[in-house]
Amino acid sequence: MEYPDDEACLRKIFLDRYGKTPTCPRCNKPSKFYLVKGRKCFACAFCGRQLHPLANTIFHKSSTSLKDWFYAIYLFSVSKNGVSAKEIERHVGVTYKTAHRMCRQIRKLMGEDDVLCGDVEVDETYIGGRHKRSDRYSKKSAVFGVVERKGRVSAKHVKSTGSRALIPEIRRRICDGANIHSDEHHAYKVLNKLGYNHQTVCHSCKEYVRGDVYTNTIEGFWSQLKRSINGTFHHVSPKYLQLYVDEFCFRYNMRNKETNEVFRVLISKIQ
């Protein structure tokens, strides 16, 4: 076992944050730091200055065992359809409140902010329960997504699907001059004027593919996202929806990686 106890986990975090021979901030000497007995910190061998590797990380002020934290992160790395707080509660042996907080903190490690280029598909979707009144989207949460074909995906929980909300996201997430493929949604009509090569398919006319113009890649991502939310979590509140979206974007982007590599990537993000 690579991390058999809390000390091994703590040493791993310290190594990732400060390196093998960190410079002491007090005496400015490359120093060997030793673990302080009974505390989650390391002290300089020369001047005694203490470094706290858990400060300002997802473990900050957490009384939960680091070994349990690492095990929960491992469960996130091997799962394909998400891990619920109830599952963490059963596996780790903590209360539901603690498990829910652990899941939120781990999902924060999965946030990414990529700029996509080349052939990019854009689309919007709605997540949540259907309302009984005529406006069937009144209780749903809008999510906007962009995906690079055979590449990465990025998605954002947005307030609306109008041009004022979507165009800034497109300009922030897609590089200038990219080839953008979308449906006939009105918010995308100005993309050609912004310097993008924009082409559309008319879904309302039952046109889904025209040559190499289609949005099937992003539609497939939406399908996976919704099935996982419905099957694993059943319901996600708008307050935390972005964390779940980040989680499944991360899973999609790491789809070709081995399980151990995904785990190491998550551990390396604890900075």
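Laboratory data are not the source of any read-out in this text; all were calculated from the coordinates shown. Predicted model, so just to flag it, every value in this text is computed and none were measured. Positions of Cβ are backbone-derived with ideal geometry, glycine not excepted, and every protein chain shown enters the neighbour counts.
Is region 1-55 rounded, prolate or oblate when judged by the Cα gyration tensor, a ≥ b ≥ c being the square roots of its eigenvalues, rounded requiring a/c under 1.5 and prolate requiring a/b larger than b/c? Prolate. Note on Asp212 and Ser237: their simple-model spin labels are 4.6 nm apart, each label 7 Å out from Cα toward Cβ.
By its C-alpha gyration tensor, with a ≥ b ≥ c as the square roots of the eigenvalues, how is region 158-245 shaped: rounded for a/c under 1.5, else prolate for a/b larger than b/c, else oblate?
Verdict is oblate for region 158-245.
FRET efficiency for the Tyr18 to Asp113 pair, using the beta carbon distance and R₀ = 22 Å, is estimated at 0.30. Each part gets one Cα centre, and for region 146-172 versus region 97-120 those centres are 16 Å apart.
Taken as Cα centroids, region 205-271 and region 17-72 sit 34 Å apart, rounded to the nearest whole angstrom.
Across region 151-158, rounded Karplus estimates of 3J(HN,Hα) from the backbone phi angles (6.51 cos²θ - 1.76 cosθ + 1.60, θ = phi - 60°) give x, 9, 10, 9, 9, 9, 6, 10 Hz, Gly and Pro being marked x. The chain gives an Rg/Rh value of 1.06, both radii derived from C-alpha positions and Rh following Kirkwood.
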